[in-house]
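Note sheet for the following structure.
The values are calculated or read from the model by the stated rules, or taken from the named source; none is laboratory data. Bear in mind that the values here come from a model prediction, so they are computed numbers and not experimental data. Every residue, glycine among them, receives a Cβ derived from its backbone with ideal geometry; neighbour counts consider all protein chains shown.
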Amino acid sequence: MKKLFALVLAAVMLLSMVSLASAEEKGKVYYLNFKPEADQAWQDLAAEYTALTGVEVKVLTAASGTYSQTLTSEMDKKDAAPTLFQIGNAEGVATWNNYALPLDGTELIQEMTTEDFNLKNANGETVAVGYCYEAYGIITNKTLLEKAGYTIADITNFESLKKVADDIHARAAELGFDAFTSAGLDGSSSWRFSGHLTNMPLFYEFRDDGITEQPAAVKGTYLDAYKNIWDLYITDSAADVKKLSSYTGAEAEKDFYDGKAVFFQNGTWEYADLTGKYGMDPASLAMIPIYCGVEGEENAALCAGTENCWAVNAKASEADQKATLDFLKWVVTSDEGTQMMADWFGPIPFKAAKASNNVFFNDSTALLNEGKYVVTWAFNYTPDVDNWRAGIVSALEQYSAGVTDWGEVEYAFVEGWATCYANTH
């Protein structure tokens with residue numbers, strides 16, 4: 001009997017060890033979520049994946065504004081640290097590089113339509129995958145554009161944009177609408193031009209020079225392009241160029257809704273107000289890239305960026321890393337995962353992405369699917385951002401009113417950057 005008992009006990013122990021080894025081999029997922037508003041969506045998706053695969057997926061959501069502190073605290077838990085977390089920018093890469101698994105060549109990367117939102121470390125390795133984004137460009141009323149005799153397809157670069165806008169402006173009285181809404185430099189509107197529009201010369205300069213971190217100085221290589229588009233905005237509009245500081249963002253939005261202009265520079269976030277508050281027909285809306293006369297811009301997509309990037313814990317076990325990567329692949333390829341992402345995050349840069357209700361997001365996705373390059377958010381590198389932008393706004397006001405020449409804008413752009421960098425370093 002003793003021998004039999006010993007054999008049974010040994011068999012039970014062996015089965016337990018096999019079961020434990022199998023569980024360890026399967027691995028588990030622990031996601032430290034960045035967005036509180038999407039907590040329940042992630043909890044539901046995690047439960048669905050566990051039911052489908054048997055893989056444990058835990059989701060912990062950091063309270064708003066506490067992600068960095070929560071991540072630091074959770075990473076200190078040696079055997080229970082997150083296997084999946086978020087890195088938002090280059091500074092985050094520097095902080096968490098030792099914990100971020102290089103992801104180049106993974107199936108997750110292979111599912112992407114663009115890698116322009118991804119973050120790389122100093123060795124050029126992809127360590128964080130940008131999984132959603134916001135975008136901005138020139139919002140267009142297609143109905144008015146067609147009344148003027150044109151379609152979106154007629155606008156492919158700055159030359160064609162200028163041709164269309166000039167013609168609409170020249171016939172404004174006849175048509176009953178102008179080309180552009182006001183380029184207001186009131187505080188509620190100026191960020192569109194001192195921040196978002198300055199991204200155009202910054203992006204192309206940084207692209208050419210391989211800038212990947214905040215530079216101490218800028219050259220202003222593409223300020224002629226900035227002048228091109230600014231001049232078009234203020235010339236082909238009904239707004240008084242001598243009073244731009246008095247025009248607000250709300251006025252520009254309402255003028256667009258009221259059908260007083262075809263074009264309105266703004267972002268994907270405008271969709272809710274335009275179609276909800278103002279009741280515009282989504283079928284009449286589109287967003288096109290900001291063209292400014294740079295060579296090759298026919299291949300540009302919208303200005304897009306994100307702080308939402310997935311990183312996999314390099315210090316997790318190989319089984320947990322694999323389980324995490326498998327989970328992410330399922331999120332961006334399955335019907336369940338892509339539907340949740342579309343509902344909560346809008347466009348995602350993956351091949352299986354579902355369409356969003358927001359037509360601006362869909363325009364952005366369509367351009368990416370055509371292989372267009374993303375105009376990323378170079379303005380994120382701006383030093384002492386409020387003061388630098390204030391200098392740009394002041395210079396634009398004076399230039400637009402005819403008080404000074406374009407040289408003052410160039411000075412505010414280049415010398416202002418150097419001054420602001422020095423003041424903050």
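Some values worked out for this structure:
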item: Residues of segment 389-425 satisfying the condition of being in contact (Cβ under 8 Å) with a residue 60 or more places away in the chain and either among the aromatic types (Phe, Trp, Tyr) or on the phi > 0 side of the Ramachandran plot (or both); result: Gly402, Trp406, Phe413, Trp417, Tyr421
item: Hits in segment 353-390 - residues which are under 18 Å from Ser189 (Cα atoms) and either polar (S, T, N, Q) or buried (at least 21 other Cβ atoms within 10 Å of the Cβ) (or both); result: Phe379, Asn387, Trp388, Arg389
item: Considering residues of segment 391-408 that are surrounded by fewer than 17 Cβ atoms within 10 Å (Cβ to Cβ) and either of a type in the set (A, V, I, L, M) or modelled with pLDDT under 95 (or both) only, the residue nearest to the chain's Cα centre (by Cα); result: Ala401
item: Enumeration of residues in segment 178-197 that are in contact (Cβ under 8 Å) with a residue 12 or more places away in the chain, surrounded by fewer than 22 Cβ atoms within 10 Å (Cβ to Cβ) and assigned to a loop (DSSP other than H, G, I, E, B); result: Asp186, Ser188
item: Test: Gly267 is closer than 26 Å to Ala41 by Cα, under 18 Å from the mean Cα position of the chain (by Cα) and not assigned by TED's automatic domain parsing to the domain that holds Gly54; result: yes
item: Selection within segment 90-106 - out of contact with any Asp or Glu (no Cβ under 7 Å at 6 or more places or on another chain), of a type outside the set (Gly, Ala, Ser) and free of Cβ contacts under 8 Å to residues at least 24 places away in the same chain; result: Glu91, Thr95
item: Some residue of segment 100-114 being assigned by TED's automatic domain parsing to the domain that holds Gln321, over 20 Å from Ala319 (Cα atoms) and out of contact with any helix residue (DSSP H, G or I) (no Cβ under 8 Å at 6 or more places or on another chain); result: yes
item: Test: residue in segment 68-79 that is under 22 Å from the mean Cα position of the chain (by Cα), modelled with pLDDT of 95 or more and under 26 Å from Pro36 (Cβ atoms); result: no
item: Flag for Tyr411 being surrounded by fewer than 16 Cβ atoms within 10 Å (Cβ to Cβ), at pLDDT 95 or above and either not assigned by TED's automatic domain parsing to the domain that holds Tyr30 or not in a strand (DSSP E or B) (or both); result: yes
item: Residue that is surrounded by the most Cβ atoms within 10 Å (Cβ to Cβ), among those in segment 81-104 that are more than 20 Å from the chain's Cα centre (by Cα) and of a type in the set (Val, Ile, Thr); result: Thr83
item: Yes/no for Ala38 being assigned to a helix (DSSP H, G or I), under 24 Å from the mean Cα position of the chain (by Cα), in contact (Cβ under 8 Å) with a residue 40 or more places away in the chain and in the same structural domain as Ser334 (by TED's automatic domain parsing); result: yes
item: Given (1) in the same structural domain as Thr140 (by TED's automatic domain parsing); (2) surrounded by fewer than 19 Cβ atoms within 10 Å (Cβ to Cβ); (3) within 28 Å of Asn121 (Cα to Cα), number of the condition Glu295 does not satisfy; result: (3)
item: In segment 137-165, residue nearest to Asp258 (Cα to Cα) [restricted to those that are charged (D, E, K, R), in contact (Cβ under 8 Å) with a residue 60 or more places away in the chain and surrounded by 15 or more Cβ atoms within 10 Å (Cβ to Cβ)]; result: Lys142
item: Condition check for Thr140: in a loop (DSSP other than H, G, I, E, B), closer than 26 Å to Ser356 by Cβ and at pLDDT 95 or above; result: no
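Per-residue answers, yes or no, for (1) more than 30 Å from Leu274 (Cβ to Cβ); (2) of a type in the set (A, V, I, L, M, F, W, C); (3) in a helix (DSSP H, G or I):
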site: Lys322; (1), (2), (3): yes, no, yes
site: Lys329; (1), (2), (3): yes, no, yes
site: Ala342; (1), (2), (3): no, yes, yes
site: Phe361; (1), (2), (3): no, yes, yes
site: Leu367; (1), (2), (3): no, yes, yes
site: Gly371; (1), (2), (3): no, no, no
site: Val375; (1), (2), (3): no, yes, no
site: Ala390; (1), (2), (3): no, yes, yes
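Yes/no per residue for (1) touching a Ser or Thr at 6+ places or on another chain (Cβ under 6 Å); (2) buried (at least 16 other Cβ atoms within 10 Å of the Cβ); (3) not hydroxyl-bearing (Ser, Thr, Tyr):
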{"residue": "Thr50", "(1), (2), (3)": "no, yes, no"}
{"residue": "Leu60", "(1), (2), (3)": "no, no, yes"}
{"residue": "Thr106", "(1), (2), (3)": "no, yes, no"}
{"residue": "Leu119", "(1), (2), (3)": "no, yes, yes"}
{"residue": "Gly124", "(1), (2), (3)": "no, no, yes"}
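Yes/no per residue for (1) buried (at least 21 other Cβ atoms within 10 Å of the Cβ); (2) assigned to a helix (DSSP H, G or I); (3) modelled with pLDDT under 95:
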{"position": "Asp231", "(1), (2), (3)": "no, yes, no"}
{"position": "Phe256", "(1), (2), (3)": "yes, yes, no"}
{"position": "Phe263", "(1), (2), (3)": "yes, no, no"}
{"position": "Ala283", "(1), (2), (3)": "no, yes, no"}
